[in-house]
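Notes for the one structure printed next.
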Amino acid sequence: MEKDERDKWLEAGRVGKEIREYGISLAKPGVPILDIAREIEKKTSEMGAKTAFPPNLSINTIAAHYTPKAGDTILLSKGDILKIDVGASIDGYLSDTAATLVVGESENPLCRAAREALEKAIEQVKPGAPIDNISRVIEQVIRDAGFSPISNLGGHGVGKYDLHESGFIPNIGGHSSGMIKRDGVIAIEPFATTGNGYVTESSEIQILAFKDDKPVRSKLGRDILEFVKKEYNELPFAKRWIVEKFGKLSELELKTLVRSGAMMEFNVLREESGGLVSQFEHSILIDGDEVIVTTR
Ligand code: MN
Ligand code: MN
């Protein structure tokens, strides 16, 4: 791997770690999650990076894809299971990292299970080794702790400007015949739950991404599309960012852009049986024989 490229992957990882830890430090009972998201976004740009995607702040039975809306009123409560999933972009070289905490309390067994699953899984990362080695370890650690892994969420390859490159890494064994790449970045993200271990899409949408150039009728629609392409490339962005910049009407316009195929939506993901969910995630650079956790 070229040195310049490697340095950017490492820097994206360093920023990802910093903003994750900063988010954790702010998560206290009574704090609005909108404030935490904004602080994370501010810190990201202060560090000379862009967000790889909006800070995901998902609480309790929400597994992923919640970022605060414009005017969000959600406050953290003592005992909430808060997942902070963040990432940075350095010229399109990305990081993707997450941690879970119990608001105002110390780590509980549910969080520990996902954290330990991630640590054990990382030990299995060897260039060219079966992806299933990772999946089996994740499932084992989480089941041994008395919880269920979420079977339809998992890790993935990470490419330049491509947050979910091919190479799905399941959180249960026996579902991948792939090999770990020999050059590039992967993200591993075990999810543990007290529920059945399956997420479904809720109807709520707070995160979108550019998909394809399509003819757009309205001036506002064209302005939003141009802005999104220039500012975020094909990386996910928050509905809140658009509403804050283009006003309340833009929310309807985004719907139109999705219908026309210009944009795609990421529905908020909820554990189907109502289980609590924990998640930990690291990005890992594989460069020849070297394996480096960039977000540790
Ligand atoms: Mn993530
Ligand atoms: Mn990820």
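The values are calculated or read from the model by the stated rules, or taken from the named source; none is laboratory data. As the structure is a prediction and not an experimental result, all values here were calculated from the model. Cβ: placed from backbone, ideal geometry, glycine included. Neighbour counts: every protein chain shown.
Residue-wise test of (1) surrounded by fewer than 16 Cβ atoms within 10 Å (Cβ to Cβ); (2) closer than 22 Å to MET264 by Cβ.
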{"residue": "VAL185", "(1), (2)": "no, no"}
{"residue": "PRO190", "(1), (2)": "no, no"}
{"residue": "LYS219", "(1), (2)": "yes, no"}
{"residue": "GLU226", "(1), (2)": "yes, yes"}
{"residue": "LEU235", "(1), (2)": "no, yes"}
Tally time: how many residues in the range 174-225 are under 25 Å from GLY87 (Cβ atoms) and basic (Lys, Arg)?
3
Looking at the range 1-24, which of its residues are free of Cβ contacts under 8 Å to residues at least 40 places away in the same chain and aromatic (Phe, Trp, Tyr)?
TYR22
Taking the range 66-79 as the search range and keeping residues that are among the hydroxyl-bearing types (Ser, Thr, Tyr) and surrounded by 16 or more Cβ atoms within 10 Å (Cβ to Cβ), which one is farthest from LEU276 (Cα to Cα)?
THR67
Condition (residue is in contact (Cβ under 8 Å) with a residue 40 or more places away in the chain and more than 26 Å from GLU234 (Cβ to Cβ)) applied to the range 150-166: is it met by at least one residue?
yes
Being buried (at least 19 other Cβ atoms within 10 Å of the Cβ), modelled with pLDDT of 95 or more, within 16 Å of ligand 2 (Cβ to nearest atom) and small (Gly, Ala, Ser) is true for just one of ALA113, ALA99. Which residue is that?
ALA99
Filtering the range 171-205 for residues that are aromatic (Phe, Trp, Tyr) and out of contact with any helix residue (DSSP H, G or I) (no Cβ under 7 Å at 6 or more places or on another chain) leaves a count of 1
Could you tell me how many of the residues in the range 28-82 are in contact with an Asp or Glu (Cβ under 9 Å, 6 or more places away or on another chain) and within 16 Å of ligand 2 (Cβ to nearest atom)?
13
Subset tally (residues that are surrounded by fewer than 17 Cβ atoms within 10 Å (Cβ to Cβ) and on the phi < 0 side of the Ramachandran plot) for the range 268-290:
3
Considering the range 253-296, residues that are in contact with a Ser or Thr (Cβ under 7 Å, 6 or more places away or on another chain), assigned to a loop (DSSP other than H, G, I, E, B) and not acidic (Asp, Glu), and then whichever is farthest from GLY128 (Cα to Cα), we arrive at GLY274
Restricted to the range 80-93, and to residues that are near ligand 1 (Cβ under 10 Å from one of its atoms) and of a type in the set (A, V, I, L, M), which residue is surrounded by the most Cβ atoms within 10 Å (Cβ to Cβ)?
VAL86
Suppose we keep only residues that are within 14 Å of ALA64 (Cα to Cα) and small (Gly, Ala, Ser) within the range 152-174. Which one would you say is surrounded by the fewest Cβ atoms within 10 Å (Cβ to Cβ)?
GLY154
Residue ID - nearest to ligand 2 (Cβ to nearest atom), chosen from residues in the range 141-172 that are over 21 Å from ARG115 (Cα atoms), assigned to a strand (DSSP E or B) and out of contact with any Phe, Trp or Tyr (no Cβ under 8 Å at 6 or more places or on another chain)
HIS164
Given the options ASP223, ASP212, name the one that is acidic (Asp, Glu), farther than 29 Å from THR295 by Cα, assigned to a loop (DSSP other than H, G, I, E, B) and modelled with pLDDT of 95 or more.
ASP212
